[in-house]
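The values are calculated or read from the model by the stated rules, or taken from the named source; none is laboratory data. The structure displayed is predicted, hence computed values, not measured ones. Counting neighbours? That spans all protein chains shown, and the Cβs are built from the backbone with ideal geometry, glycine included. Calculation scope for accessible area: heavy atoms of the full protein, side chains included, ligands and nucleic acids excluded. Shrake-Rupley method; radii C 1.70, N 1.55, O 1.52, S 1.80 Å.
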Amino acid sequence: MKKIWDVIVIGGGQAGLAAGYYLQRKGLDYLILEANEHAAGSWPHYYDSLKLFSSARYSSLPGKKFPGDPDHYPLKAEVIDYLVEYKNHFNLTVMVNQMVLSIKSKAKVFEILTESGETFHAQTIINATGSFNKPNIPLIKGQESFLGRTIHSSEYRNPEPFINQRVIVAGSRNSAVQIAIELAESGKTTLAVRKPVQLIRQRFLGKDLHFWIRTAGIDTFPFWRFGKEPPSPIKNRCLVLSMKME
C-alpha cells in the first residue's frame, strides 16, 4: 500500500527547513525532498566569498539562533553549517539527492516523481525550491558578436579564472556589487548599471540597518499594494561579461 504524506516540501534550503520545523510542531506527517546531497538548498553553489547583507541577529530560522556574534555578517560556509545543523538539531525528515521531475494530481492526491526513479504521494505540496536553478539571463543588444565569455552570477565562484582580464559586471544588486569589488582586485573591472549605485550605510548609530527597518515596521509593510518588492538581503541578478586584457 502506497504511503500518502500529509505534506511534502520540495526544497531543503532555508524556506523548506523552516516549513518542516512548523509542520513537525503541528504533528503532521511530512517529508522534505532536497535535490542536493545536503539539506542546504542552493547555498553550496553560491560564490565562495558571499557574505550575508543581514547580521546573524536577523538571519536565524525559527527555533534556533544563528551562532556566533549576533552583530557579525555570516559567510557562505557559516550559513551552510547552520542549515545542516538546523536540520540535525530538530531531526527534520529530509531525503537528499531527490530532484523532483514532475508532479501530477491523481484522485485528490499529488504524485511526485524524482530523478532517482522514486515516486512519492502527498495530500499537500509546499514548493520551496527558489529560483537559483533558473537564473534570469537578459538578452543584450549585440551580445551575439561579443567574443568574450558570458556567464550569469549563479555560475561565478571566485576571481581566479578572471585574473588579468577585463570584466564588465552588469547590475547593482548586492551580489553584483560584491562580485565586482572582488574582481577589481585581480583585473580591470567595470560595474554597468542603469542608475548610479546608491550605497546605504550598513550600520547607523551603532545598529545594523535591519534593526531600523524592523523598528520602523518596514519589514512587515505591505509593499505589494504599491507594486514594489520588500527589501531582500540577497539577489542573483547580475550578468558577468569577461574578456582578456589586450
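Brief remarks on what is shown
- Scoring Ala176 on the criteria (1) more than 20 Å from the chain's Cα centre (by Cα); (2) modelled with pLDDT of 85 or more leaves a single failure, condition (1).
- Criterion violated by Leu31 - all others in (1) open to solvent by 10 Å² or more (accessible area, probe 1.4 Å); (2) over 14 Å from Gly130 (Cβ atoms); (3) not charged (D, E, K, R) satisfied: (1)
- Residue that is farthest from Tyr46 (Cα to Cα) [pool: residues in region 93-142 that are open to solvent by 70 Å² or more (accessible area, probe 1.4 Å) and aliphatic (A, V, I, L, M)]: Ala107
- Test: residue in region 49-69 that is part of a loop (DSSP other than H, G, I, E, B), charged (D, E, K, R) and either open to solvent by 10 Å² or more (accessible area, probe 1.4 Å) or at pLDDT 90 or above (or both): yes
- Whenever a residue of region 32-54 is under 13 Å from Leu92 (Cβ atoms), its partners that are buried (at least 18 other Cβ atoms within 10 Å of the Cβ) and of a type in the set (S, T, N, Q), lying with C-beta atoms within less than 6 angstrom and at least six residues away or across chains, give the pairs Leu33/Gln98.
- Whenever a residue of region 170-184 is open to solvent by less than 40 Å² (accessible area, probe 1.4 Å), its partners that are of a type in the set (D, E, K, R) and modelled with pLDDT under 85, lying with C-beta atoms within less than 9 angstrom and at least six residues away or across chains, give the pairs Gly171/Lys235; Gly171/Arg237; Ser175/Lys235; Ser175/Arg237; Ala176/Lys235; Ala176/Arg237.
- Strands (runs of 3 or more DSSP E) enclosed by region 104-196 - at least 3 residues per element that are farther than 25 Å from Lys51 by Cβ and among the aliphatic types (A, V, I, L, M): 109-114, 119-127
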